[in-house]
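**Student:** Supplied in C-alpha cells, the structure appears directly below.
The values are calculated or read from the model by the stated rules, or taken from the named source; none is laboratory data. Because the structure is predicted, anything quoted here is derived from the model rather than measured. As a convention, Cβ positions derive from the backbone with ideal geometry for all residues, glycine included, and neighbour counts pool all protein chains shown.
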Amino acid sequence: MKKTILSGMRPTGGLHLGNYFGALENWIRLQDEYNCYYFVADWHALTTGYEDTDNYKSNITEMIADWISTGLDPERGVFFLQSSIKEHAELNLLLSMITPLSWLTRNPTYKDQLSQIKEKNITTHGFLGYPCLQAADILMYKADFVPVGEDQIPHLELSREIARRFNFLYKKVFPEPQQLLTKAKVLPGLDGRKMSKTYGNTIAFSDTPKEVQKKVMNMVTDPARIRKTDPGHPEVCTVFAFHKIFNGEEVPKIDSQCRAGEIGCGECKRKLAAKIDEFHTPIYEKRLEVLKRKDHIKDIIREGNQKARAVAEKTMEEVREAMKIDWI
Ligand code: TRP
Ligand code: SF4
C-alpha cells in the first residue's frame with residue numbers, strides 16, 4: 001500500500017521559479033510513489049490577508065493553472081480547496097480545545113512574523129491558531145509524510161504534538177506525520193536575495209518569454225568585472241547560481257572561464273537566458289492554454305473536493321466517536 005502525503009500552498013497568485021524549485025518540483029516527483037493530496041490553503045492565506053480578499057479567486061485559479069502546467073497531475077493525485085472542506089474547520093475547532101496556548105505562542109514562525117509584519121494587524125486569534133489549522137489539514141487525511149521546506153518544521157512538530165495529545169486523551173486515531181525532507185534546490189531571486197513577490201525579484205511562469213529574457217539580461221553580476229578580461233568570482237554572482245540550476249553541465253566551464261576572464265558577463269547571461277527559455281516557455285504556453293478553460297480548472301477542484309470530503313467525513317466520524325460527541 002502506498003503511503004499518503006499531503007501538502008498545501010497558500011494562494012499567493014501566479015507562481016515563480018522560486019516556488020517551483022522550493023516545493024513544486026518535489027510534489028511532482030512524488031506523484032507516483034505516494035497517495036497524494038495537494039491543496040490550496042486559502043484559509044491559511046486569510047490568517048494574514050483577511051482585509052483585502054478581492055484577489056483570492058484569481059489567485060487560486062492561477063496557482064492551480066501553474067500546478068497543472070508544470071506537470072502536477074490531477075489524475076494522479078487529489079487537488080482540493082481547503083475552504084470547500086468544512087470538516088477542516090470542525091477539526092481545527094476540536095483540536096484547539098486540547099492545544100495549550102503556550103505551544104502556539106512559542107512557535108518561532110509566529111514570533112518571527114509578528115516582529116516582521118508591521119503593516120497589518122496580525123495579533124488575531126486566527127493567526128495564532130495557524131498551526132492548529134495546519135494540524136487539522138494534515139491529520140484529517142492521516143498523512144504519513146508532509147513534503148515541506150525547513151521553515152515549516154516547527155509547524156510539523158506541533159502537528160505531531162497535537163496528534164499525540166489527542167491519541168493520549170481519547171483514542172489512537174492519528175498517525176504522527178513526518179516531514180519529508182526533500183532536497184529543494186535554492187534558486188535566489190534576480191537580485192540575490194530570496195526570490196519573493198514582496199521583493200519584486202521573481203521570474204514568474206506568467207512572465208512572457210521576452211520579459212524573462214530581459215530580466216536575465218538585467219541581472220547584477222560580480223561587481224569586480226568591468227571588462228571581459230577582469231578575473232571574476234562566480235561564487236558571488238547570481239547569474240552563476242542560476243547556471244547551477246539550469247545549466248549544470250556547463251558549470252565547471254563557466255566557473256573557470258569567469259575566473260580566468262575568458263567569458264564576458266553578457267555572453268554568460270545569454271547562455272543562461274537560452275537555458276531558462278527552454279524550461280520556461282513550454283510551461284508559459286501550457287499555462288495560457290489551461291487558463292483558457294477556467295471551467296475545466298473548476299471541475300478538477302470539484303472532483304478533488306469530493307474525494308477529499310469523503311475522507312474528511314470518515315475521519316470526523318472517528319474523531320467525534322473518540323471524543324464521545326456522537327450522541328445522535
Ligand atoms: N503553512 C504552509 C506554508 O505556508 C501551508 C500549509 C497549510 C500546509 N496547511 C498545510 C503545508 C498542511 C503542508 C501541510 O507553506
Ligand atoms: Fe557571473 Fe558569468 Fe559574469 Fe562570471 S561571467 S561574473 S558567472 S555573469
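**Student:** In the stretch 254-275, which residues are in a helix (DSSP H, G or I), within 9 Å of ligand 2 (Cβ to nearest atom) and farther than 24 Å from Ile203 by Cα? Steps first, please.
**Tutor:** First pass over the stretch 254-275, keeping only residues in a helix (DSSP H, G or I): 254-259, 265-275.
Adding the requirement that they be within 9 Å of ligand 2 (Cβ to nearest atom) leaves 254-255, 257-259, 265-269, 271-272.
If the condition is that a residue be in a helix (DSSP H, G or I), within 9 Å of ligand 2 (Cβ to nearest atom) and farther than 24 Å from Ile203 by Cα, then Gln257, Cys258, Arg259 are the ones that fit.
**Student:** Same structure, new question: Of everything in the stretch 263-298, what is without any contact (Cβ under 8 Å) to a residue 24 or more places away in the chain and under 16 Å from Phe39 (Cβ atoms)? Give them in sequence order.
**Tutor:** The answer is Lys298, and nothing else.
**Student:** Ok, one more. Among the listed residues Ile226, Ile203, Ile245, identify the single one that is aliphatic (A, V, I, L, M) and loosely packed, with under 15 Cβ neighbours inside 10 Å. Please lay out each step first, then the result.
**Tutor:** Working: Ile203 fails: loosely packed, with under 15 Cβ neighbours inside 10 Å; Ile245 fails: loosely packed, with under 15 Cβ neighbours inside 10 Å.
Just a single option satisfies the conditions, and that option is Ile226.
**Student:** Could I ask something else about it? Before we move on, is Ile28 touching a residue at least 40 places away in the same chain (Cβ under 8 Å) and away from ligand 1 (no atom under 15 Å from the Cβ)?
**Tutor:** On the way: touching a residue at least 40 places away in the same chain (Cβ under 8 Å): yes; away from ligand 1 (no atom under 15 Å from the Cβ): yes.
Yes.
**Student:** Mind listing whichever residues of the stretch 235-268 are among the hydroxyl-bearing types (Ser, Thr, Tyr) and over 21 Å from Phe279 (Cα atoms)? Explain how you work it out, then say what you get.
**Tutor:** Looking only at the stretch 235-268, we keep the residues that are among the hydroxyl-bearing types (Ser, Thr, Tyr), and these are 238, 256.
The answer is Ser256, and nothing else.
**Student:** What pairs can you find where one residue is in the stretch 245-261 and more than 20 Å from Thr229 (Cβ to Cβ), the other is among the β-branched types (Val, Ile, Thr) and within 11 Å of ligand 2 (Cβ to nearest atom), and their Cβ atoms are less than 8 Å apart, with a gap of 6+ or different chains?
**Tutor:** Pairs that qualify, where the first residue is more than 20 Å from Thr229 (Cβ to Cβ) and the partner is among the β-branched types (Val, Ile, Thr) and within 11 Å of ligand 2 (Cβ to nearest atom), are Asn247/Ile254.
**Student:** Which of the residues belonging to the stretch 92-116 are outside any helix (DSSP H, G or I) and either in contact with a helix residue (DSSP H, G or I) (Cβ under 8 Å, 6 or more places away or on another chain) or small (Gly, Ala, Ser) (or both)? Break it down stepwise before answering.
**Tutor:** Filtering the stretch 92-116 down to residues outside any helix (DSSP H, G or I) leaves 99-100, 106-107.
Those that are outside any helix (DSSP H, G or I) and either in contact with a helix residue (DSSP H, G or I) (Cβ under 8 Å, 6 or more places away or on another chain) or small (Gly, Ala, Ser) (or both): Thr99, Asn107.
**Student:** Can we say Lys171 is touching a residue at least 12 places away in the same chain (Cβ under 8 Å), part of a loop (DSSP other than H, G, I, E, B) and not assigned by TED's automatic domain parsing to the domain that holds Phe127?
**Tutor:** Judged against the criteria, Lys171 is not a match.
**Student:** Still on this model: Would you confirm whether any residue within the stretch 136-156 is surrounded by 14 or more Cβ atoms within 10 Å (Cβ to Cβ), over 30 Å from Val186 (Cα atoms) and either of a type in the set (A, V, I, L, M) or not assigned by TED's automatic domain parsing to the domain that holds Met316 (or both)?
**Tutor:** Going through the stretch 136-156, the residues surrounded by 14 or more Cβ atoms within 10 Å (Cβ to Cβ) turn out to be 136-149, 152-156.
Subsequent filtering for residues that are over 30 Å from Val186 (Cα atoms) retains 140.
From what's left, either of a type in the set (A, V, I, L, M) or not assigned by TED's automatic domain parsing to the domain that holds Met316 (or both): 140.
Taking every residue of the stretch 136-156 in turn, at least one turns out to be surrounded by 14 or more Cβ atoms within 10 Å (Cβ to Cβ), over 30 Å from Val186 (Cα atoms) and either of a type in the set (A, V, I, L, M) or not assigned by TED's automatic domain parsing to the domain that holds Met316 (or both).
**Student:** While we're here: Part of a loop (DSSP other than H, G, I, E, B) and under 23 Å from the mean Cα position of the chain (by Cα), is that true of Lys228? Steps first, answer last, please.
**Tutor:** Details: part of a loop (DSSP other than H, G, I, E, B): yes; under 23 Å from the mean Cα position of the chain (by Cα): no.
No; evaluated as a whole, the condition is false for this residue.
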